[in-house]
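The values are calculated or read from the model by the stated rules, or taken from the named source; none is laboratory data. The shown structure was predicted, so the numbers you read here are calculated from the model rather than taken from an experiment. Glycine gets a Cβ as well: all are built from the backbone with ideal geometry, and neighbour counts include every protein chain shown. Please note that ligands, DNA and RNA were not included when accessible areas were found on the heavy atoms of the full protein model with its side chains. Shrake-Rupley method; radii C 1.70, N 1.55, O 1.52, S 1.80 Å.
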Amino acid sequence: EVKSGDIIEVKAGEKIVIDGIMTQGGSSFDTSSLTGESTPIYLKEGDKILSGYIALDTVFRYQVICDVNSSILSKITSLLEDSMNKKPKIEKLANLVSGYFSTAILLFSVGTLLFWYFRGASFEHSLIVAISVIVIACPCALGLATPVSTLVGLGMAAKKGILFKESSFLETMAKCDVLMLDKTGTITSGEPKIVEKIYLKEFDTALLYSLSSHSTHPISKAIAECFAEEKVNAKELQEIKSIEAKGIKARYNKHMLYGGSQSLLQENGIKCDSQFHNFSEYYFAIDDEVVAIFALEDVPRVDAKESIEGIKKLGIKVVMLTGDNKKVAEKISHLVGIDTFYASLLPQNKAKIVEEARNEGKRVVMTGDGINDALALSKSEIAITLGSGADIALNVSDVVLINSSFDALYSAFLISKKTYRTIRENLFLSFLYNAITIPLAMAGHVIPLFAALSMSLSSLIVVGNAMRINLLKLPKKK
């Protein structure tokens, strides 16, 4: 519905989907999805913005110069869709083995023909035995072992609202042994509620509403919703800037506004003392003075504890990473049964913890949904985001939980492990079948008719075993 000439407002963490020209403000952009360049670039008024760019730190507006079908993002969609067809390593190995296997069987068949013929058998009988070897050893079962299992696994995941961006991620996830979780919006519902507030000085609540409404962080959204219910009119702010894991600041006329954590205010030389030690805190300051403090509480998802217990039973270590204070982190980790947690983390700290675990030989799955999780997600073996997460987090993810339920995360582990186990079972059955039947055929105990029936039966067994993935019992969404 967007047409050339329309004006679009973009918030930090959102992805550009239509090309345009910057008309108000300036922002840093992640252009890696188009250029491969990891270093962000800064664009200002008059600069061209391409679809596929991701806004990193400020709110700005730009004018559309084409429709969505003419944007660069649409032109590369086909290339992105091709990446969905990448094969798992185990399937590539099976295909490679099948190639050598076929050549070896042809040689065995020729050898069998010559062996029987020079032993005195008729050429007709020798040829029948040789044909039986080829038919009974047809590598159909070996070729079907992996793709059929993968297809069933991906289909089952899709029904559960789990999108694997590549089929190879099923295999990779099955081998992972550490799960690192963001707290806000992942373990918790991401919808914190204000439980207490302190007004230290009279102020225009429209300023706080305007500032908080420009942020995509759940705590800022909770503040904005509180004042939206009071039908407060928004103010026009300037120089709006989001600070990762800390908050947001902006200018209104001659006044500077700050909204966020204690560290945000302290970095800007504003004195503030913590008032609510067991809750998440949001401070609002005008110039150099704190005028309001809010205590917010975000409860765990209803299915979080049960799902985490299930994941731990699979032999996977669960770790919580959060930018919140230690008291809040300790409270949430206790409620959901997580033994190891790290609190008061900046985005780069989360990424460092993930990287250190991988350097120790661990295979890490990182799950998050916010802008501050993007760096840690990019460092993990498998990155999982919730469908409701920020665009920048979805961009670096390997698996997306479309319905944003926590039990879908547990289901993703169950499906990946079951699929990988089934693939290995199918490969074993295929090799066992060939190890038994090929010598029998070479010995002349199998005629071509029974060889064909036997080969078909082996393929049916492999397909039937793959279909057993559908019998996997998955947790139901609460």
Amide H within-cut-off set for A292, under 5 Å, with H built and near neighbours excluded: L200, F284
Residue by residue through the range 461-469, which ³J(HN,Hα) values in whole Hz follow from phi under the Karplus form 6.51 cos²θ - 1.76 cosθ + 1.60 (θ = phi - 60°), with glycine and proline marked x? 5, 5, 5, x, 5, 5, 5, 5, 4
With a 1.4 Å probe and all protein chains left in place, how much accessible area per residue does the chain have, in Å²? 48 Å²
Tensor-based shape of the range 1-72 (alpha-carbon gyration tensor, a/c under 1.5 rounded, otherwise prolate or oblate): oblate
Add -39500 (n - 2.57) for each DSSP H run of 4 or more in the chain, then divide by its residues: what number comes out at 222 nm, to the nearest 500 deg cm²/dmol? -14000 deg cm²/dmol
Cβ-Cβ cut-off under 10 Å around M22, Lys and Arg +1, Asp and Glu -1: the net charge is +1
When DSSP beta bridges are limited to those with both residues in the chain, what percentage is antiparallel, rounded to the nearest 5? 70 percent
Amide H partners (placed H, <5 Å) of Y53, local residues excluded: I16
Heavy-atom accessible area of the chain with neighbours in place, 1.4 angstrom probe: carbon+sulfur share in percent works out to 56 percent
Please report the antiparallel percentage of the DSSP beta bridges confined to the range 280-437, to the nearest 5. 40 percent
At 37 °C and 0.692 mPa s, the Stokes-Einstein diffusion coefficient in µm²/s for the chain, with hydrodynamic radius from the Kirkwood sum on alpha carbon pairs, is 127 µm²/s
Once the Cβ-Cβ distance between N403 and V110 is put in as r, and R0 is 45 Å, what FRET efficiency do you end up with, to the nearest 0.05? 0.20
Based on the mean of other beta carbon atoms within 10 Å per residue, what is the order of 232-238, 354-360, most packed first? 354-360, 232-238
Name the long-range amide H neighbours of M180: under 5 Å, sequence gap of 5 or more, or other chain; modelled H, no Pro or chain starts. V319, V365, M366, T367
What list of ³J(HN,Hα) couplings, whole Hz, do you get for the range 102-114 from phi and the Karplus terms 6.51, -1.76, 1.60, once you set θ to phi - 60° and write x for glycine and proline? 4, 4, 5, 5, 4, 5, 4, 5, 4, x, 5, 4, 5
So how far, in whole Å, is the C-alpha centre of the range 263-279 from the one of the range 314-372? 23 Å
For the range 295-301, in residue order, the Karplus 3J(HN,Hα) values (coefficients 6.51, -1.76, 1.60; θ = phi - 60°; whole Hz; Gly and Pro = x) are 9, 10, 10, 10, 8, x, 4
Spherically averaged projected area in nm², based on the convex hull that wraps the Cα atoms of the range 279-359: 6.9 nm²
Return the FRET efficiency for the residue pair H277, E355: r is the Cβ-Cβ distance, R0 is 25 Å, and the value is rounded to the nearest 0.05. 0.20
Sites L335 and R119 - FRET efficiency at Förster radius 51 Å, r taken between beta-carbons, to 0.05: 0.10
Please give the net charge around V299, taking every other residue with its beta carbon less than 12 angstrom from that of V299, where Lys and Arg add +1 and Asp and Glu add -1. +2
Cα-projected label distance for I72 with I436, points at 7 Å along beta-carbon direction, nm: 5.9 nm
Under a Cβ-only charge scheme (Lys and Arg +1, Asp and Glu -1), can you give me the dipole magnitude of the chain about the Cα centre, in debye to the nearest 20? 1780 debye
Just to confirm a number: summing +1 for Lys and Arg and -1 for Asp and Glu over residues other than L265 whose beta-carbon lies under 15 angstrom from that of L265, what do you get? -1
